[in-house]
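**Q** Have a look at the structure that comes next, please.
Any read-out appearing in this document is the output of simple, stated calculations on the displayed coordinates, not a laboratory observation. What you are looking at is a predicted structure, and each value in this text was computed from that prediction instead of being measured. Cβ placement follows ideal geometry from the backbone for every residue including glycine, while neighbour counts extend to all protein chains displayed.
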Amino acid sequence: MAALIDLQSLWDVVLIVALVIAIAPWFGAYLGRVYLNRPVFGDAILAPLEQAAYRLIGTSPRRAMRPREYMFALLLVNGGVFLFLYVYFFFQAALPLDATHVPGMSWDLALQSAASFTTNTDFTHFVNESQISMGSEVLAWQLAMFLSAATGLSVAAAMIRGFVRKDGTVGNFYVDMVRSVTRILLPLSIVFALVLVLMGVPETFKNYVIAYPITGGTQTIYLGPVASFQSLSLLGTNGGGWYSANAASPLANPTAISNLFLVGVMMLIPFSTPFAFAQIIRRRAEAWPFVGTIVIIVAVALGLFIAYQAIANPALASVAGLGGSANGYPVGQETRFSLPEASLFQVISVYSNVGANNMAIGSISPIAQMVLLFGMFTQSTPGGAGTGFATLLLFAVLAIFIAGLMVGRTPEYLGKKIETSHVKWAALALLIHPAIVLIPFSVGVLWGDPGIVGASSTTVGASAHTFTAVLYELTSEASNNGSALVAGSFNDTTPFWNVTGAVVMLVGRFVPIWAMLQVGGLFAGQSEKPPGPGTLRTASTTFTIYLTMILVIISALLFLPVLALGPLAQVL
């Protein structure tokens, strides 16, 4: 175990995490000013462009929306994106930038792909190199990556505004979306793409080159605007990847330095959003309990992941093609990266709902798989762009409500009362997640479509491995994560799984968003009152520990039974 854990690379891991946390307060303050529509760097150039966009849309920053109108605008934009993606994917063979003559997608694969990219999930049921054209990736997929990430950021901003407004409005979706793209996603993705090009990541519109290996024959190496795609997909917590191997491909992630850089890109927005919250509500100390909860959860997850990846695991012996380790490395890990570096990327990716992979998740230790599953169960540590922090706020609302009941005081947060309506909407957002995972999971298992009954091996390990793969897929789709564990365990490209996945992703995205906007609107309809003698002090270490415990207990209770039949069954 000690041989696998390089101490120098552990310091690299600590350094990149510390660097992002040091940057997060500054960048979070910038995010807050963006969503408060305050003057920020770049106004001279970007403000006129934004005003032109507002005139084109027919709106104004001075026009505020209530939750219902905000949600209607959000669905209108995202519905348009969904239809555009579906049509483009279905007819991609007849559209521009298809030099490799990729055929159009089937109706069910186009449905799954359109739902996936619209919802910030980017869970692919196709082979990137042969089933999607460059036009689809550049003109359709990348458009969705901008707008889906902007949607998540806008929802978080709208919900946070509820704590400082008194008129029941939560902002203007069109304005929030435009500023999310112009002030955050577009400039940062350009800068990060340039850095990746300097690190050796391709950026070209040439589809492929033919290589001539020294062993003879030829090899087709697929190219494209990989750097710009990679920077946007990780910055906006989209995930996906230009290559099927994702960030494990040496073209997309050439070195240990690029691997650590991509970790920082993934962490930037999710770790900064609590500070944006503090900037908007004008209480800087309120950010730290959320950051503390996130850091505690991620640190424990990373420690467990590394520990169980560093030891040979006999639980994998019953799964065909897998074993404990190979050449000193855990099965499924890229040898370009040390164990701590590879583990940091994978844990941050899943816990930030990015869903990018730099290792084969279907080959890792069952306990490591369970660690990743837990990150998707919480959806909030730190979660995806915008919606991850909004989910953490919902956990905080429930935690404060429970604390108020325990001490017999009216629960309140930031000077506003938490009433039964807030709790009902928060509970809906948190309970819809296990519902849309476990119901289709049960249908698939009982129907036998995944092949759990009659798997390639009759041993418990192999059957539990396939069981875990199905659970992982649905959990990833429901949490709009996008990482996959399939690894040949079952065929997820059938019409059943394509249609089921599309429904799960759409419900898992837009029902919680509706609940978040409702909670923000309820708070926005209240006047702020000074704290009373029994008010829970939330800017404290005690609240950090309490919130962490509530989050862990709720998430574990919802999913522990099904974990016992999957990863735990492989181990025990």
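**Q** If you average the sequence gap of Cα pairs under 8 Å that are 6 or more apart and divide by the length of the range 385-571, what percent do you get for the contact order?
**A** 32 percent.
**Q** Which helices, counted as full DSSP H runs in the chain, have an axial Cα extent of no less than 24 Å and a Kyte-Doolittle average of -0.5 or above?
**A** Helices meeting the span and hydropathy rule in the chain are 7-35, 67-90, 142-161, 256-281, 287-309, 387-407, 420-447, 460-478, 495-524, 541-565.
**Q** Quick one: Karplus J couplings for the range 129-138, per residue in order, coefficients 6.51, -1.76, 1.60, θ = phi - 60°, nearest Hz, x for Gly and Pro?
**A** With coefficients 6.51, -1.76 and 1.60, one gets 6, 10, 10, 9, 7, 4, x, 5, 6, 7 Hz.
**Q** Now for a different question. Can you put Asp12, Asp492 in order, fewest other beta carbons within 10 Å first?
**A** The order, fewest Cβ neighbours first, is Asp12, Asp492.
**Q** Mind checking which of Ser463, Leu565, Gly525 is farthest towards the positive end of the range 385-571's charge dipole, using Cβ charges of +1 (Lys, Arg) and -1 (Asp, Glu) about the Cα centre?
**A** Positive-end residue among those listed: Gly525.
**Q** Sorted by packing (mean other beta-carbon atoms within 10 Å per residue), highest first, where do 464-472, 182-190 land?
**A** 464-472, 182-190
**Q** Roughly how many whole Å is it from the C-alpha centroid of the range 183-205 to that of the range 353-400?
**A** Result: 26 Å between the Cα centres.
**Q** Per 5 Å bin, what percent of the C-alpha pairs of the range 385-571 does each bin hold, from zero upward?
**A** 1, 7, 14, 17, 15, 12, 10, 8, 6, 5, 2, 1, 0
**Q** Let me ask something else about it. Show me 269-279, 363-373 ranked by packing, highest mean number of other Cβ atoms within 10 Å first.
**A** 269-279, 363-373
**Q** Which is farthest toward the positive dipole end of the chain among Ala44, Ile432, Met505, measuring Cα position about the Cα centre, with Cβ charges +1 (Lys, Arg) and -1 (Asp, Glu)?
**A** Ala44
**Q** Determine the shape class of the range 503-572: with a ≥ b ≥ c the square roots of the Cα gyration tensor eigenvalues, call it rounded for a/c under 1.5, and otherwise prolate if a/b is greater than b/c, oblate otherwise.
**A** Taking the square roots of the gyration eigenvalues as a ≥ b ≥ c, the range 503-572 is oblate.
**Q** Under the rule of at least 5 residues apart or a separate chain, name every residue whose amide H is placed under 5 Å from the amide H of Thr494.
**A** none
**Q** Enumerate the amide H contacts of Gly171 below 5 Å, restricted to partners 5 or more residues apart or on another chain; note that Pro and chain-start residues carry no placed amide H.
**A** Met65
**Q** In percent, how large is the relative contact order of the chain, given Cα pairs closer than 8 Å and 6 or more residues apart?
**A** Taking the mean separation of contacting Cα pairs over the length of the chain, I get 20 percent.
**Q** Now a separate question. Once you have the Kirkwood Rh of the range 74-123 from its Cα pairs, apply Stokes-Einstein at 37 °C and 0.692 mPa s and quote D in µm²/s.
**A** On the way: Rh = 11.2 Å.
Answer, rounded: 294 µm²/s.
**Q** Let me understand the chain better: what is its radius of gyration from the alpha carbons, and its Dmax, in angstrom?
**A** That works out to 22.9, 79 Å for Rg and Dmax.
**Q** In the neighborhood of Ser233, defined by Cβ-to-Cβ distances under 13 Å, what is the net charge if each Lys or Arg adds +1 and each Asp or Glu adds -1?
**A** In short, -2.
**Q** Oh, and also: Setting aside same-chain residues fewer than 8 positions from Lys206, which aspartates and glutamates have a Cα under 12 Å from its Cα?
**A** Straight-line reach from Lys206, under 12 Å: Asp98.
**Q** Also, quick follow-up: Using a 10 Å cut-off around each Cβ, can you sort Val295, Val265 from fewest to most neighbouring Cβ atoms?
**A** Val295, Val265
**Q** While we're on this one: Just check the range 181-309 against the gyration tensor rule for me: Cα atoms, a ≥ b ≥ c as the square roots of the eigenvalues, rounded for a/c under 1.5, and otherwise prolate or oblate depending on whether a/b exceeds b/c.
**A** In terms of gyration-tensor shape, oblate.
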